[in-house]
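Q: Got a structure for you, written out below as structure tokens; questions coming shortly.
The values are calculated or read from the model by the stated rules, or taken from the named source; none is laboratory data. All of these numbers come straight from a predicted model, not from anything done at the bench. In this analysis, Cβ positions are derived from the backbone assuming ideal geometry, glycine residues included, and neighbour counts consider all displayed protein chains. Heads up: the accessible areas ignore ligands, DNA and RNA and are worked out on the full protein's heavy atoms, side chains in. Shrake-Rupley method; radii C 1.70, N 1.55, O 1.52, S 1.80 Å.
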Amino acid sequence: MRIVIYPGSFDPITNGHLDVIHRAARLFDRVIVAVAANDGKQPLFSMAERQRLVAETTADLVNVETDSFSGLLVDYAVQRRATAIVRGLRAISDFEFEFQLALINRKMNGKVETIFMMPKDTYTFLSSRIVKEISRLGGDVSPFVPPSVLAALNRKYGRSSPRSMPSPKGN
Ligand code: ADP
């Protein structure tokens, strides 16, 4: 049984995260999407909300489960009998931090391997931070997130329906 952990803040889950999850689900027997409780960020969505959105948007994938973790990722990986951690690489800007994290994790536990997956090119510019910013300012984020996340963002920002961004002519 090959188990992989996909850790992150998922605040909220985006189509970029889902792209990585689908790819990992094809390679591993089990993918555990682990929502981090203590990553030093001040999240927009609570832990329960983030987990619910991950669970809802991955419900069609039978070998994907949702969990949360706090403390050291490598300890959590051992506890869940995972042999690997998967991270998404969008651009060079991700590389330095991810490289450092992977090597530190390897120092702490050489048995847990980190693997990187690149999303579909259309998602390489996408981050939860950008999605929240656009949504907060009233833009349309429907191309970037699944419908349940869109609804959750609209509720968070006190809107009942999304406002579409005007699309430039000829685009
Ligand atoms: P973010 O960086 O958007 O706040 P997370 O902290 O939840 O996201 O990131 C969890 C993992 O998912 C990280 O490895 C991150 O690089 C990856 N990731 C985030 N957005 C994307 C995307 N659009 N495509 C591929 N991987 C992504």
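Q: Is one or more of the residues making up region 43-58 basic (K, R), at pLDDT 95 or above, closer than 18 Å to T14 by Cβ and open to solvent by 50 Å² or more (accessible area, probe 1.4 Å)? If you could, list the steps in order and put the result at the bottom.
A: The first filter runs over region 43-58 and keeps only residues basic (K, R), leaving 50, 52.
With the extra rule that they be at pLDDT 95 or above, the set shrinks to 50, 52.
After this cut, where a residue has to be closer than 18 Å to T14 by Cβ as well, the list is 50, 52.
Still in the list and also open to solvent by 50 Å² or more (accessible area, probe 1.4 Å): 52.
Yes, the conditions are met somewhere in region 43-58.
Q: Yes or no: G88 out of contact with any helix residue (DSSP H, G or I) (no Cβ under 8 Å at 6 or more places or on another chain) and either surrounded by 15 or more Cβ atoms within 10 Å (Cβ to Cβ) or not aliphatic (A, V, I, L, M) (or both)?
A: On the way: out of contact with any helix residue (DSSP H, G or I) (no Cβ under 8 Å at 6 or more places or on another chain): no; either surrounded by 15 or more Cβ atoms within 10 Å (Cβ to Cβ) or not aliphatic (A, V, I, L, M) (or both): yes.
No; evaluated as a whole, the condition is false for this residue.
Q: Separate question: Could you please let me know if E65 is open to solvent by less than 80 Å² (accessible area, probe 1.4 Å) and of a type outside the set (A, V, I, L, M)?
A: yes
Q: Just need a number here: residues in region 137-158 that are of a type in the set (K, R) and exposed (fewer than 13 other Cβ atoms within 10 Å of the Cβ). Show your work before the answer.
A: Kept after step one, since they are of a type in the set (K, R), are these residues of region 137-158: 155-156.
Right, trim to exposed (fewer than 13 other Cβ atoms within 10 Å of the Cβ) and you get 155.
Total satisfying the criteria: 1.
Q: Then there is this: Which residues, taken from region 1-19, are aliphatic (A, V, I, L, M) and either within 9 Å of the ligand (Cβ to nearest atom) or modelled with pLDDT of 95 or more (or both)?
A: Within region 1-19, I3, V4, I5, I13, L18 meet the criteria.
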